[in-house]
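Novice: Submitted below is the structure of interest, expressed as C-alpha cells.
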Amino acid sequence: MNKLDFKGMKEWDAEVYDKSFGFISEYGSELIELLNPQAGERLVDLGCGVGQLTAKIKTFDCDVIGVDADPDMIHLAQKKYPNIEFFCAKAEDFSIPDPVNACFSNAFLHWSLQPEKVILNIAKNLKSGGRFVGEMGGHRNVITITDALYEALAEQSVEREKVKFPWFFPEKDYYISLLQEGGFQVNKAYYFVRPTPLDDCPNGIKDWIQMFATNFLKVVPENRVSEFLCRTEELCRDKLYTNGRWFADYTRLRFYAELL
C-alpha cells in the first residue's frame, strides 16, 4: 500500500506537510484578498508553516515576517524562501521589535488552546488601528472525523478522557467576543462550511489523522494503530468518501478586525 512517510509519531513533518497538505495554503489565498496588503507595510504571518502564504504576501511589496512555533517548519520555510525573515516562537509570546500594520493567520489559530493570550499578544505587536485578519476551524470543524475517532477508541476500550483534545473550534459569536475583549473592533466575520478534498493524500483520511490528530493515536497501543486507522476510515466512509475522493468536513471561521 502506498504510504506517506510520517516518520513515526512526530507531531509535525514539514516535508510531508508541504507535499500533501498544500490545499491549506491554496484556500488561504482568499484570506490574503481580505487582508489587502499594501506596498510598504510591515506584516506578520502567524502560524506561517512552511511559508507559502508568507511568500505570496511578500509579492505585494510588503515587509513580511513569518512566525511559527515548529522549528522544522521554520527551517523549511527559510530554505524555500531565503529572502524572507522567519523565526520560531509561540503565538502567545512572540515579539516584533516595532509594531506592525497587520497580523495575518491562516489555519493556525485553532491550534492554540489559549486564545485570549494569543489575541492580547497580537494586539501588543500591532500599531493602533492595525489589522488582524484570520481564518481558523470553527464550531463543529471535522466533527465527522472526530466522532469516528472517538467511536474507534471506544471499540478498543480506550476512554475518551485519555485524549487531550488538540483544537479550539469556537462559535462565531464567542470568538468575536474574545476579539472585542482583547481591544479589537470586528468589522467582518463569516462562518461557513467547506468540504475540503484530500486529493494529495494517498491514503485520504488516514493521512489526515496521522498529520493532524496524533493526540488520538498516542493513546492507542502501537501494535493496534493500523487497525485503529482502518476502523476510523470505515466509520467516515459514508459521509466523507464521494466519487472516489476523500473529503475533510471543514467548517471555517474567517474575520477582519482592527485594533482600537
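The values are calculated or read from the model by the stated rules, or taken from the named source; none is laboratory data. Because the structure is a prediction, the values reported are computed rather than measured. All Cβ positions, even for glycine, are placed from backbone atoms using ideal geometry, and neighbour counts span all protein chains on display. Ligands, DNA and RNA are stripped out before the accessible areas are found, and what is left, the full protein with its side chains, is counted by its heavy atoms. Shrake-Rupley method; radii C 1.70, N 1.55, O 1.52, S 1.80 Å.
Novice: For Glu116, all conditions in the list (1) in contact (Cβ under 8 Å) with a residue 60 or more places away in the chain; (2) closer than 29 Å to Lys206 by Cα; (3) in a helix (DSSP H, G or I); (4) open to solvent by 20 Å² or more (accessible area, probe 1.4 Å) hold save one; what is the number of the exception?
Specialist: Among (1) in contact (Cβ under 8 Å) with a residue 60 or more places away in the chain; (2) closer than 29 Å to Lys206 by Cα; (3) in a helix (DSSP H, G or I); (4) open to solvent by 20 Å² or more (accessible area, probe 1.4 Å), Glu116 violates only (2).
Novice: Restricting to segment 192-211, give me the number of residues that are hydrophobic (A, V, I, L, M, F, W, C) and surrounded by fewer than 20 Cβ atoms within 10 Å (Cβ to Cβ). Before you say what the answer is, go through the steps one by one.
Specialist: So in segment 192-211, the residues hydrophobic (A, V, I, L, M, F, W, C) come out as 192-193, 198, 201, 205, 208-209, 211.
From what is left, the residues that are surrounded by fewer than 20 Cβ atoms within 10 Å (Cβ to Cβ) are 192-193, 211.
So the answer is 3.
Novice: Kindly evaluate Glu11 against the criterion of being farther than 22 Å from Asn187 by Cβ, at pLDDT 95 or above and touching a Ser or Thr at 6+ places or on another chain (Cβ under 9 Å).
Specialist: When the stated conditions are applied, Glu11 does not pass them.
Novice: Here is a further query. Scan segment 179-191 and give yes if some residue there is in contact (Cβ under 8 Å) with a residue 60 or more places away in the chain, open to solvent by 80 Å² or more (accessible area, probe 1.4 Å) and not in a strand (DSSP E or B), otherwise no.
Specialist: Initially, segment 179-191 is screened for residues in contact (Cβ under 8 Å) with a residue 60 or more places away in the chain, giving 179, 181-191.
Checking the rest, the ones that are also open to solvent by 80 Å² or more (accessible area, probe 1.4 Å) come to 181, 185, 188, 190-191.
Then drop every residue that is not not in a strand (DSSP E or B), which leaves 181.
Yes, segment 179-191 contains at least one residue that is in contact (Cβ under 8 Å) with a residue 60 or more places away in the chain, open to solvent by 80 Å² or more (accessible area, probe 1.4 Å) and not in a strand (DSSP E or B).
Novice: Out of all the residues in segment 218-227, which are out of contact with any helix residue (DSSP H, G or I) (no Cβ under 6 Å at 6 or more places or on another chain) and either surrounded by 18 or more Cβ atoms within 10 Å (Cβ to Cβ) or not in a helix (DSSP H, G or I) (or both)?
Specialist: Pro221 - this is the single residue of segment 218-227 that is out of contact with any helix residue (DSSP H, G or I) (no Cβ under 6 Å at 6 or more places or on another chain) and either surrounded by 18 or more Cβ atoms within 10 Å (Cβ to Cβ) or not in a helix (DSSP H, G or I) (or both).
Novice: Please go through segment 75-113 and give me each residue that is open to solvent by less than 10 Å² (accessible area, probe 1.4 Å) and without any contact (Cβ under 8 Å) to a residue 24 or more places away in the chain, ordered by number.
Specialist: Once the filter is applied, which keeps residues that are open to solvent by less than 10 Å² (accessible area, probe 1.4 Å) and without any contact (Cβ under 8 Å) to a residue 24 or more places away in the chain, segment 75-113 yields nothing.
Novice: Can you name the residue in segment 147-167 that is open to solvent by less than 20 Å² (accessible area, probe 1.4 Å) and within 14 Å of Thr214 (Cβ to Cβ) and is also farthest from the chain's Cα centre (by Cα) among such residues?
Specialist: Filtering first and then ranking leaves Leu153.
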